[in-house]
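J.: Could you have a look at this structure, given as C-alpha cells, before my questions?
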Amino acid sequence: MARVGRRRRHPRPRGGDVTQLSMSGVEIAFGAESLLSDVTFTVGEGERWGIVGRNGTGKTSLFRLVMGTLAPTRGAVSRQVGLRVALLEQQREFDGARTVWDAAAGPFAPLMALERSLADQAERFSVLGEGATEQDLTRYAQDLERFEHEGGYAYASRVDAVLHGLGFDPRHARSQLLETLSGGERGRVGLARQLVTPADVLLLDEPTNHLDLETSEWLEEFLRASSETVLVISHDRAFLDGVVDHVLHLEDGRAAPYTGSYTSFVEQRAERRLTQQRAFTQQQRVIANEQDYIRRNIAGQNSRQAKGRRTRLARMPRLSPPPSEEDVMAFRLEAAERGGDQVIIADGVRLARGRRVLVDDFTSTVRRGDVVGLVGANGAGKSSLLRAMVGEEEPDGGAIRLGGSITAAYYRQELTQVPAGKALTDVISDLRPMWGRGAILSHLARFGFTGATETRITDTLSGGERARLALSMLVLLHANLLLLDEPTNHLDVESIEALEDAISAYDGTVVLVSHDRALLRGLATRVWSLADGHIADFDGDFAEWELASAERLRSAAAEKATAARPRAQERLREGDVREQRRSEDRARRAAQRALQAAEADVERLDARVADLTMRLDDPSLYASLDGVQRARELSAELEVTKRELADAVGRWESVAGAE
C-alpha cells in the first residue's frame, strides 16, 4: 500500500548576497593525523546549513573553527566584521541563574540590570520630587532611550514565546528552580537560551535530541521563520529536510557543499557517487590496458612506445573511488521463534507518579508484526509504559502482560544496558560464551568497531559508540518483541538508516518510542498517542496519523475562533480603551519629565545670572590691570545668559500651561 504523508515544505534558498562566513583550503590536524582537509565553502546571510556526516568526522571541530576557539592547521577562516555567533553551551551552568526563566533570559542580563536601574531611578524621583538634579534627569533619559533601543520592551515576550515553544510554562518558569530539572529539561533550557540570544549566526548541535515531536516541529517552524543564519548539526532527517537550504557533507576527511534541501542532497550525493564510481572504473580499465601493453612491449620492437606510455601513466592523476562504507553498521534483526499472535495485552492499565496520572484506563492488544509508534510529550509516561511491559514497573491499576512464547528485548534510552568498565570483547563474550575471538571481532565490526577494538573499555565510549554497542547486544538476544526507547539518539544518519533497514526487514513485533519523524514514517504501522494520561490508538501508519492530527487541530482552531469572535470584539473595544489610557499616561509622564527638565534649566541659568552679577559687583575685579577687559567679558556673558534664562522661563511657562 502506498504511504500517505504530509507534503513537505522544502525550504527555498534565501539571502546569500552578503557573505558572513567562509573557509578556504582549511585543514584540521591533530599531530600527524588529519581530521579534515581542503574544506572550502561560503555561508551567505540568512542561509541555513545542515552539517551532516558520520560520528567523528569533524562536525564539532568545524563549529569550533567558526567560533574561533580552534585555529586551522592550514587555510583561512574569514568572518564578517562584528559577526555575532551563538553556540549552545555544553556545560549549562547558566551563569548562576536559579530559575528556568532567568537561565533562558541570561543573554539579556545587562538589559535586565538596566531595567532594574530605571525602576530604582523612578522611585528615587518620586521621593526627591523637585529636588532631582539636571544630571539625574539627563541620566534617566539616556538610560531610557538605550533600554528602548536595545529591545527592552520586547525581550521578555521573546523569552516567554521560546520557552512556551520548547514545552515550558513561561509563568511557572519564573519560579521553577533549575535544580529540579532533568538532564533533558536542562538541555531544552540551554536551547531556549541560545534561541533568544541576539546573534547573526546560530550554531545548533543536535538541537532535537531532547525534544518531543511537538517541540521538534515548533523548532523547525521557528528556524524557518528566523532571519538569522543557521548552521545545524543533526541526525534528524525530517527536521533537516524542513529547515536547511544548504548541506555540508563531511566524509572521508573532506567536506562537500550542496545547495538545496536534505532530500535534494541525498539525490545529488547518489548522483555524485555514481559519477565518481564510473570515472574511477573507467580510469582503472585504462590503467590496466596501458600496464598490459607496457609489459608486453617494454623489451620488444615497440620498446620506445612502451616507455613513453609508462612515463605518461606515471604522470596520470589518479582518481579516487567513492568513500568506503565498511565502518557503517550492517546487521540483521532475527527472532529465534515465531511467538503467539497476541504479543502485548493491556487491560485497563493505570500508571501514576504520586498524584500525577501518567496512563489511565488503557486497553489494547498488539498483534504479531505490528510496529507501534508510541509518541507523546517528554515526561508523559512513554518509558514508564515500556518498563511496565517488561515487568520492571507494576501498574497502579489494571494489567499488562506479554503473550505466549513472547520474549522481549528492551533498548533503554539511557543506555544503562551497557555494562560499565568492561572490554567490548568481554561484553559480547558474556552474551556468546562459545564464540571465539574471530567471531566476536567480526560481530563488533558489523557495528563499526574495528582496529583496536580488543583494548576498548565501555567507559571510554562516546554516546554514539555506546548506542552502537547497545544495538550489537540487542541483536544477539534474538527476541520476537523489540521495545525501543529513542534508539536514534546519539546515532549518525548512516547508522539510523541501517537501523531502519534492519527493523523494516525484522519479522517480529516492535514498540518504538521516537521523536524521529522520518523513522516513524518509514516504519510505524500503528500509532499510540499519549497525552494527558490517555492513549489514543490510531489504526494507520504515522504519515496518516500526522494528516489526521493536523486536520483535527485545524477543526479545533476553527471552532475556537468561531466561539471566540464575540469575545474578541469585546476585548478589542476594551483594548482600545486601555490603549487610550496608556497613551494618556505616557503623555502625562512625558510632560512631567519635560516640566522637570525646564525647571532645571531655569534654576541653572538663574544661578548663573546671580553668579555673574555678584562677580561684576565685586570691587576687586576692577583693581587688577585687566579688570576692565574682564568686566566687559562678564557683562557680555551676563547678557547672553539673561536671554537664555528668558527663553527657558518661556519654555517652562509653556510646558506648565500645557500640563
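The values are calculated or read from the model by the stated rules, or taken from the named source; none is laboratory data. Worth saying up front: this structure is predicted, and the values here are computed from it rather than measured. In this analysis, Cβ positions are derived from the backbone assuming ideal geometry, glycine residues included, and neighbour counts consider all displayed protein chains. The accessibility values were calculated without ligands, DNA or RNA, using every heavy atom of the protein model including side chains. Shrake-Rupley method; radii C 1.70, N 1.55, O 1.52, S 1.80 Å.
J.: Express the Stokes-Einstein translational diffusion coefficient of segment 177-294 in µm² s⁻¹, to the nearest whole number, given a Kirkwood radius over alpha-carbon pairs, 25 °C and a viscosity of 0.890 mPa s.
T.: Stokes-Einstein gives a translational diffusion coefficient of 142 µm²/s.
J.: So how far apart, in nm, are the two label points at Leu144 and Asp532 if each is 7 Å from Cα heading toward Cβ?
T.: With each label point 7 Å from Cα toward Cβ, the separation is 4.6 nm.
J.: Helix-derived [θ] at 222 nm for the chain: sum -39500 (n - 2.57) over DSSP H runs of at least 4, divide by residue count, nearest 500?
T.: Per the formula, -16000 deg cm²/dmol.
J.: Could you put Phe538, Phe447 in order of accessible surface area, largest first, with the 1.4 Å probe and the full protein assembly present?
T.: Phe538, Phe447
J.: Listed highest first by mean packing, meaning other Cβ atoms within 10 Å per residue, what order do 481-490, 220-229 come in?
T.: So the peptides 481-490, 220-229, ranked by packing, come out 481-490, 220-229.
J.: Write down the radius of gyration of segment 369-485 and its Dmax, each obtained from C-alpha positions, in Å.
T.: Taking only Cα atoms of segment 369-485, I get Rg and Dmax of 16.3, 51 Å.
J.: Mind giving me the FRET efficiency for Val81 and Ser24? R0 is 22 Å, r the Cβ-Cβ distance, nearest 0.05 is fine.
T.: The formula returns an efficiency of 0.80 here.
J.: Can I ask one more? Roughly what angle does helix 303-315 make with the longest principal axis of the chain, taking Cα atoms, 0 to 90 degrees, to the nearest 10?
T.: Once rounded, the angle reads 40 degrees.
J.: Ratio of Rg to Rh for the chain, alpha carbon only, Kirkwood?
T.: Ratio of gyration radius to Kirkwood radius for the chain: 1.14.
J.: While we're on this one: Using only Cα atoms, find the angle between the long axis of helix 262-297 and the longest principal axis of the chain, and express it within 0 to 90 degrees, rounded to the nearest 10.
T.: 50 degrees
J.: When all alpha-carbon pairs of segment 36-157 are counted, what percent fall beyond 26 Å?
T.: Every Cα pair in segment 36-157 considered, those over 26 Å come to 50 percent.
J.: While we're looking at this one, here's another question. About the Cα centre of segment 150-293, what is the dipole size in debye to 20, counting +1 per Lys and Arg Cβ and -1 per Asp and Glu Cβ, all else neutral?
T.: It works out to roughly 160 debye.
J.: Once label points are set 7 Å from the Cα along Cα→Cβ at both Ala556 and Arg312, what is their separation, rounded to one decimal in nm?
T.: 7.3 nm
J.: Relative to the present Cα-Cα distance, how much length would full extension add between Glu267 and Asp459 at 0.36 nm per residue of separation?
T.: 65.3 nm
J.: Let me know the shape class of segment 149-236, please: from the alpha-carbon gyration tensor, a ≥ b ≥ c as square roots of the eigenvalues, rounded when a/c is under 1.5, otherwise prolate if a/b is greater than b/c, or oblate.
T.: In terms of gyration-tensor shape, oblate.
J.: So how tilted is helix 493-505 from the main axis of the chain? Cα-based, degrees 0 to 90, rounded to 10.
T.: Helix 493-505 and the main axis of the chain meet at about 50 degrees.
J.: Moving on. Could you order the peptides 286-298, 35-47 from most to least packed, using the average number of other C-beta atoms within 10 Å per residue?
T.: Peptide ranking by packing, descending: 35-47, 286-298.
J.: Kindly state, to the nearest 0.05, the FRET efficiency for Arg296 paired with Asp17, given R0 = 56 Å and r defined as their beta-carbon distance.
T.: According to the calculation, E is roughly 0.40.
J.: Suppose R0 equals 41 Å; then what is the FRET efficiency for Ala288 and Met67 from their Cβ-Cβ distance, rounded to the nearest 0.05?
T.: 0.25
J.: Can you list, bin by bin at 5 Å, the percent of alpha carbon pairs in segment 165-209, starting at 0?
T.: 5, 18, 30, 24, 14, 8, 1
J.: Here is a follow-up. So what are segment 341-421's ellipsoid semi-axes, whole angstrom, largest first, if each one is the square root of 5 times an eigenvalue of the alpha-carbon gyration tensor?
T.: Working from the Cα gyration tensor, I get semi-axes of 20, 19, 12 Å.
J.: Still on this structure, I have one more. Using the heavy atoms of the protein chains and a 1.4 angstrom probe, tell me the accessible area per residue for segment 72-176 in square angstrom.
T.: 62 Å²
J.: Further, regarding this structure: What is the ratio of the Cα radius of gyration of segment 107-156 to 2.2 N^0.38 Å, with N the residue count, to two decimals?
T.: Here the Cα radius of gyration is 1.20 times the empirical estimate.
J.: Evaluate the distance, in nm, between pseudo-label points positioned 7 Å from the Cα of Leu177 and of Asp430 along their respective Cα→Cβ axes.
T.: That separation, rounded to one decimal, is 3.7 nm.
J.: Taking amide H atoms as placed 1.01 Å from N in the peptide plane, list the residues 5 or more away in sequence, or in a different chain, whose amide H sits under 5 Å from that of Val230.
T.: Amide H neighbours of Val230: Glu47, Arg48, Trp49, Leu202.
J.: Then there's this: Express in nm, to one decimal, how much length is gained between Asp396 and Gln417 on full extension, taking 0.36 nm for each residue of separation and deducting their alpha carbon distance.
T.: Difference between extended and current length: 5.0 nm.
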